[in-house]
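Trainee: Structure incoming, see below.
The values are calculated or read from the model by the stated rules, or taken from the named source; none is laboratory data. Here the structure is a predicted model, which is why all the values come from computation and not from measurement. As a convention, Cβ positions derive from the backbone with ideal geometry for all residues, glycine included, and neighbour counts pool all protein chains shown.
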Amino acid sequence: MSKRLRSSEVCADCSGPDPSWASVNRGTFICDECCSVHRSLGRHISQVRHLKHTPWPPTLLQMVETLYNNGANSIWEHSLLDPASIMSGRRKANPQDKVHPNKAEFIRAKYQMLAFVHRLPCRDDDSVTAKDLSKQLHSSVRTGNLETCLRLLSLGAQANFFHPEKGNTPLHVASKAGQILQAELLAVYGADPGTQDASGKTPVDYARQGGHHELAERLVEIQYELTDRLAFYLCGRKPDHKNGQHFIIPQMADSSLDLSELAKAAKKKLQSLSNHLFEELAMDVYDEVDRRETDAVWLATQNHSTLVTETTVVPFLPVNPEYSSTRNQGRQKLARFNAHEFATLVIDILSDAKRRQQGSPLSGSKDNVELILKTVNNQHSIENQDNEQPDYDSVASDEDTDLEAAASKANRQKASRLEKQNSTPESDYDNTPNDRDPDDLGYICRRSGLGAGPLPQRPSRRGCGQEAQRTACTLCFQTHKVVRH
Ligand SMILES: [Zn+2]
């Protein structure tokens, strides 16, 4: 924690005293009650961390503090500051307002609808505007002015924008200039420290070249954030990247699981996922780890007699409308895994992330994530009328035929329920991989995968010494430089 004066700080949403949480991607501090609403909206809207009870990389906290102290909140409340708006009676929440509906409605309008953000005058071609904004971001990150960059990002500038004339991304520029807080902000918005510029160099290379050693180390950490977080969740340790250790694969104390044929089959299914689907699953598991850890902090820090009645834990990952309903269902099913089952899944993901990064080929059947999660769901509905949680082992069950049919039915019912809350059309998440060769790596750029989300690295495409190719992202269709194995 840095030494700063908290006494004068107030919640960015309701002006209540002494906020104890931060919204990292919004650059604001918030109180417990407002935080409960942020959490219910999901990480794609707000990434919350407790100021005292969540471990912080020091420069990430410094980034949020700098934004907060420089009035980043006015980005999200721009039109409320207009005297005309005050006249019209629109106002922000008060500390005395009820969480539901008052604070919740205000917070949804502010961050989900972006109702008070300054709108640019309408242009015929939105893509030109986005490109202009991205170019402005590209040049602004060389300065220390974080709030300008957050403003540009809030208006649609792309953190991974590849400048066609300059031949690099904003993170290259920030790294050359040694702007570590800008690098933190860009990374929160999905910038990839492993992206190569026109001459094949990454932001990490430029930070090292410029003697910005702290920045270079931090960029490597950001690159491994996904797997580091998963390892830390299980064993409380992170790999020693400085000494070339990039993965820790914790072992279960109960070795019987490792011997189980079912567990082996589950692992095999995971291994046969295309890189694209493996990355999506890994990101979803990352979000679930975050949900579980934040819930634990939440429960440990609440005054149970008052707050918990009105503001509760988040029982499963909130719907992200940018994902297909099938993926959203899969994400929510992760909440059903008990601690042992979830740990097994996390270990399998860590092992496979390492294998994929090292480029070890695998032949095997073609499967997809839905199949893995579907079997769990199905076991749950058929066997466990008594509320007993399914075993992750059961994921690998070979009695698939009957179970699958029942699971599909259950899924369809769930899907139609979900669609009522979520108007996003079905994507091909469920079906695509079946006709895809596992070796034909679907490429998904960080921006498509994450939005303003967390920062997982792409586990499989670093350090192989092979030549980079320009490859179209399967989601955003933009071309990126990628090393294929
Ligand atoms: Zn508040």
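Trainee: Residue check, Thr59 against (1) touching a helix residue (DSSP H, G or I) at 6+ places or on another chain (Cβ under 8 Å); (2) within 13 Å of the ligand (Cβ to nearest atom), all met but one. Which one?
Mentor: Thr59 satisfies every listed condition except (2).
Trainee: Being surrounded by 18 or more Cβ atoms within 10 Å (Cβ to Cβ) and of a type outside the set (A, V, I, L, M) is the filter here; which residues of the range 43-55 pass it?
Mentor: The answer is Arg43, His44, Ser46, Gln47, Arg49, His50.
Trainee: Taking the options Ala263, Ala253, Ala207, name whichever one is in a loop (DSSP other than H, G, I, E, B) and over 24 Å from the mean Cα position of the chain (by Cα). Lay out the reasoning, then the answer.
Mentor: Working: Ala263 fails: in a loop (DSSP other than H, G, I, E, B); Ala207 fails: in a loop (DSSP other than H, G, I, E, B).
Matching residue, one of Ala263, Ala253, Ala207: Ala253.
Trainee: In this structure, is Leu120 exposed (fewer than 15 other Cβ atoms within 10 Å of the Cβ) and touching a Gly at 6+ places or on another chain (Cβ under 9 Å)? Walk me through how you get there before you give the answer.
Mentor: On the way: exposed (fewer than 15 other Cβ atoms within 10 Å of the Cβ): yes; touching a Gly at 6+ places or on another chain (Cβ under 9 Å): yes.
Considered against the rule, which asks whether it is exposed (fewer than 15 other Cβ atoms within 10 Å of the Cβ) and touching a Gly at 6+ places or on another chain (Cβ under 9 Å), Leu120 comes out as yes.
Trainee: Out of Arg43, Arg49, Arg26, I need the residue that is basic (Lys, Arg) and within 14 Å of the ligand (Cβ to nearest atom). Which one?
Mentor: Numbers: Arg43 fails: within 14 Å of the ligand (Cβ to nearest atom); Arg49 fails: within 14 Å of the ligand (Cβ to nearest atom).
Matching residue, one of Arg43, Arg49, Arg26: Arg26.
A quick yes/no check of all residues on (1) in contact with a Gly (Cβ under 7 Å, 6 or more places away or on another chain); (2) of a type in the set (Asp, Glu); (3) at pLDDT 95 or above:
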{"position": "Ala282", "(1), (2), (3)": "no, no, yes"}
{"position": "Val289", "(1), (2), (3)": "no, no, yes"}
{"position": "Ala300", "(1), (2), (3)": "no, no, no"}
{"position": "Glu310", "(1), (2), (3)": "no, yes, no"}
{"position": "Gln332", "(1), (2), (3)": "no, no, yes"}
{"position": "Phe337", "(1), (2), (3)": "no, no, no"}
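Trainee: Also, I was wondering about something else. For the range 154-176, state whether one or more residues are under 22 Å from Thr28 (Cα atoms) and β-branched (Val, Ile, Thr). Steps first, answer last, please.
Mentor: Initially, the range 154-176 is screened for residues under 22 Å from Thr28 (Cα atoms), giving 154-159.
In the following step, the residues that additionally are β-branched (Val, Ile, Thr) were identified as none.
Among the residues of the range 154-176, not one is under 22 Å from Thr28 (Cα atoms) and β-branched (Val, Ile, Thr), which makes the answer no.
Trainee: Quick one: what pairs do we get from the range 23-49, first residue on the phi > 0 side of the Ramachandran plot, second of a type outside the set (Lys, Arg) and within 14 Å of the ligand (Cβ to nearest atom), C-beta under 8 Å, 6+ apart or different chains?
Mentor: Gly27/Tyr68; Gly27/Asn73
Trainee: Tell me, please, whether a residue that is assigned to a loop (DSSP other than H, G, I, E, B) and within 24 Å of Gly156 (Cβ to Cβ) can be found in the range 49-57. Write out each step before concluding.
Mentor: At the first step, the residues of the range 49-57 found to be assigned to a loop (DSSP other than H, G, I, E, B) are 51-57.
Right, trim to within 24 Å of Gly156 (Cβ to Cβ) and you get none.
No.
Trainee: Is it true that some residue in the range 9-17 is surrounded by fewer than 24 Cβ atoms within 10 Å (Cβ to Cβ), within 12 Å of the ligand (Cβ to nearest atom) and acidic (Asp, Glu)?
Mentor: Scanning the range 9-17, I find at least one residue that is surrounded by fewer than 24 Cβ atoms within 10 Å (Cβ to Cβ), within 12 Å of the ligand (Cβ to nearest atom) and acidic (Asp, Glu), so the answer is yes.
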